[in-house]
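The values are calculated or read from the model by the stated rules, or taken from the named source; none is laboratory data. Please read these numbers as outputs of a predicted model, since none were measured by experiment. Methodologically, a virtual Cβ is constructed for each residue, glycine included, from the backbone with ideal geometry; neighbour enumeration extends over all protein chains shown. In case anyone asks, the SASA skips ligands and DNA or RNA and just uses the protein heavy atoms, side chains included. Shrake-Rupley method; radii C 1.70, N 1.55, O 1.52, S 1.80 Å.
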Amino acid sequence: MAGAAGAAVRVLLADDQPMLRSGLRMVLAGAGGLAVVGEAGDGAEAVDLSRRLLPDVVVMDLRLPRLDGLTVTRRIAEAGLPVRVLILTADDTDETVLGAVAAGASGYLGKDVPAEELVAAIRTVASGGAVVAPPILDRLLSRMAEILPAAETTAAAPALDALTEREREVLVHVAKGHSNAEIARALLVSETTVKTHVGHVLTKLRLRDRVQAVVMAYETGLVRPGG
């Protein structure tokens with residue numbers, strides 16, 4: 001796991017603005033436990049450095065010269081690199097966020113995010129988790145509530161038939177944004193058990209991470225916004 005045994009989380013910065021990269025480098029350097037191992041000024045360079053340096057996390061803008069951030073994210077995912085992508089951008093339209101998740105991004109934050117939240121997000125993504133800024137996620141879920149069929153008409157979708165009753169419970173909690181610790185307290189089990197259940201859910205549903213699990217939970221009607 002990235003950052004395990006005291007190892008620093010290795011970060012690649014990808015943004016076409018040198019001043020912004022410099023600012024990010026200073027923020028991460030002062031956080032402790034994070035190491036910026038490279039910088040890319042365009043998308044093609046970001047793909048090349050991801051292949052050569054194998055950082056734990058690429059912190060990337062979407063608007064990059066040569067190759068845009070979505071294309072870079074897709075190429076990293078398709079290449080099977082052990083590299084996770086955290087999008088940091090001013091572009092937070094619903095279509096763009098969903099496109100980033102579909103492309104393989106594990107996190108999506110606005111550029112106005114406080115430094116401490118960015119640092120926490122990088123650590124979360126590096127450890128295998130997923131992060132979407134709460135305002136963005138709330139807006140997406142509200143939109144999904146308008147376009148998805150009623151829960152009673154979906155019968156939680158056949159796609160979820162492979163899950164056990166307990167795994168469905170865990171998926172509901174994940175969809176509501178609960179951490180493993182919160183799920184463990186709610187179900188009166190250990191965090192290790194919750195982690196195992198989450199892993200089974202992702203494997204059975206062929207999902208990459210918790211962000212995709214949230215989307216599927218709402219798409220199938222298992223969970224409804226505000227429910």
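Of the residues in the range 203-212, not one is free of Cβ contacts under 8 Å to residues at least 40 places away in the same chain, assigned to a helix (DSSP H, G or I), open to solvent by less than 80 Å² (accessible area, probe 1.4 Å) and within 22 Å of Val132 (Cα to Cα). Evaluate the range 59-77: report whether one residue or more is more than 14 Å from the chain's Cα centre (by Cα), open to solvent by 10 Å² or more (accessible area, probe 1.4 Å) and closer than 20 Å to Ala213 by Cβ. Among the residues of the range 59-77, not one is more than 14 Å from the chain's Cα centre (by Cα), open to solvent by 10 Å² or more (accessible area, probe 1.4 Å) and closer than 20 Å to Ala213 by Cβ, which makes the answer no.
Do the conditions hold for Ala184, that is, is it at pLDDT 90 or above, out of contact with any strand residue (DSSP E or B) (no Cβ under 6 Å at 6 or more places or on another chain) and assigned to a helix (DSSP H, G or I)?
On the way: at pLDDT 90 or above: yes; out of contact with any strand residue (DSSP E or B) (no Cβ under 6 Å at 6 or more places or on another chain): yes; assigned to a helix (DSSP H, G or I): yes.
In short, yes.
When Leu160 is tested against (1) under 21 Å from the mean Cα position of the chain (by Cα); (2) modelled with pLDDT of 75 or more; (3) within 13 Å of Glu219 (Cβ to Cβ), just one condition goes unmet, and that condition is (1). Check the range 67-89 and report whether any residue there is more than 26 Å from Leu207 (Cβ to Cβ) and outside any strand (DSSP E or B). The answer is no, given that none of the residues of the range 67-89 is more than 26 Å from Leu207 (Cβ to Cβ) and outside any strand (DSSP E or B).
Hey, among Glu167, Glu152, Glu116, Glu146, which residue is modelled with pLDDT of 90 or more, more than 16 Å from the chain's Cα centre (by Cα), of a type in the set (D, E, K, R) and exposed (fewer than 14 other Cβ atoms within 10 Å of the Cβ)? I'd like the intermediate steps shown before the answer.
Values: Glu167 fails: exposed (fewer than 14 other Cβ atoms within 10 Å of the Cβ); Glu152 fails: modelled with pLDDT of 90 or more; Glu146 fails: modelled with pLDDT of 90 or more.
On inspection, the qualifying residue turns out to be Glu116.
Identify all residues within the range 29-48 that are exposed (fewer than 15 other Cβ atoms within 10 Å of the Cβ), part of a helix (DSSP H, G or I) and small (Gly, Ala, Ser); write none if there are none. Matches in the range 29-48: Ala29 only.
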